[in-house]
Amino acid sequence: MIANPIMQLFAHSPFKPLQEHLRVVLSCANQVPGLMKVFFEKDKDGLEEIRKKIFELENEADKIKNELRSHLPKSIFMAVDRRDLLDILDMQDSIADVAQDIAGMLVVRELECPQPMHDPLMALVDRSVEACNQLGEIMDEFDSLVEHGFRGPESEKVLLMIDDLSKIETDTDEKGMYFTKQLFTHEQELNPVSVILWLRLGRLIGDLANFAERTGNKHRLLIAR
């Protein structure tokens with residue numbers, strides 16, 4: 001739940017409500033590696049427990065998102081545009097939505113995963129979640145950015161952090177391709193529906209990093225203005 005009213009958060013910084021929302025979003029994304037581990041172990045109870053946690057966190061993120069949308073004034077005097085804030089909100093909220101989709105797909109249908117696919121899949125998951133956490137570190141810097149008017153050494157620091165996020169996302173693309181290659185190498189061990197679902201899951205896992213990068217790029221535009 002939200003610790004303070006949305007407008008009270010805005011009194012401190014235009015990014016405080018977004019930081020609060022992202023905190024919950026990242027908690028959601030950081031459940032995914034554990035989700036995959038219990039899936040590999042065929043621990044159905046553990047899988048359901050983490051799925052429930054992800055759904056609860058996604059619901060909490062939605063509550064913060066809706067509260068922010070409802071209370072954000074149409075005209076506010078600050079260094080960033082209202083529309084930009086809402087764009088960032090929607091992008092980072094998509095990370096929680098994707099984590100929820102991943103959890104749902106792993107639970108609703110029993111999937112086989114040949115052992116040689118485990119490590120490539122886990123590498124993709126870990127790197128994608130790393131991209132999300134890099135976004136969190138970038139967002140932590142925005143109070144200082146606002147204080148310095150999006151200029152000076154602090155802005156250069158954040159731009160370098162956004163560059164690092166882009167590099168991580170590019171690496172997830174490589175890891176996603178390697179996972180897909182392993183999937184096709186072992187597709188004869190799987191039924192056609194499972195192959196299709198693993199392709200879908202691979203894209204979803206990569207989308208964690210994609211939405212993190214898109215949010216970071218939105219931050220880059222704020223700094224460039």
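The values are calculated or read from the model by the stated rules, or taken from the named source; none is laboratory data. Predicted model only: the values in this text are computed from it and were never measured. Every residue, glycine among them, receives a Cβ derived from its backbone with ideal geometry; neighbour counts consider all protein chains shown.
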> From the set of residues in the range 3-18 that are of a type in the set (A, V, I, L, M, F, W, C) and assigned to a helix (DSSP H, G or I), which is modelled with the highest pLDDT?
Replying inline: L18
> Could you list, in sequence order, the residues of the range 48-67 that are touching a helix residue (DSSP H, G or I) at 6+ places or on another chain (Cβ under 7 Å) and either among the acidic types (D, E) or touching a residue at least 60 places away in the same chain (Cβ under 8 Å) (or both)?
Replying inline: E48, E58, E60, I64, E67
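Take K175 and tell me if it is closer than 21 Å to Q92 by Cβ and either at pLDDT 90 or above or not aromatic (F, W, Y) (or both).
Taking the combined requirement at face value, the residue does not satisfy it.
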> For the range 108-134, what are the residues that are more than 19 Å from I95 (Cα to Cα) and in contact (Cβ under 8 Å) with a residue 24 or more places away in the chain?
Replying inline: R109, L111, E112, C113, P114, P116, M117, H118, P120
>> If A131 satisfies all but one of (1) over 30 Å from E110 (Cα atoms); (2) among the aliphatic types (A, V, I, L, M); (3) surrounded by 15 or more Cβ atoms within 10 Å (Cβ to Cβ), what's the number of the condition it fails?
In response: (1)
>> Residues that are more than 19 Å from the chain's Cα centre (by Cα), closer than 18 Å to R214 by Cα and not in a helix (DSSP H, G or I): does the range 70-92 have at least one?
In response: yes
> Restricting the first residue to the range 181-199 and requiring it to be farther than 13 Å from M117 by Cα, which pairs with a second residue that is in a helix (DSSP H, G or I) meet a Cβ separation below 8 Å and a spacing of at least six or different chains?
Replying inline: L197/M105
> How about the range 19-29: which of its residues are modelled with pLDDT of 95 or more and either basic (K, R) or over 16 Å from S94 (Cβ atoms) (or both)?
Replying inline: R23
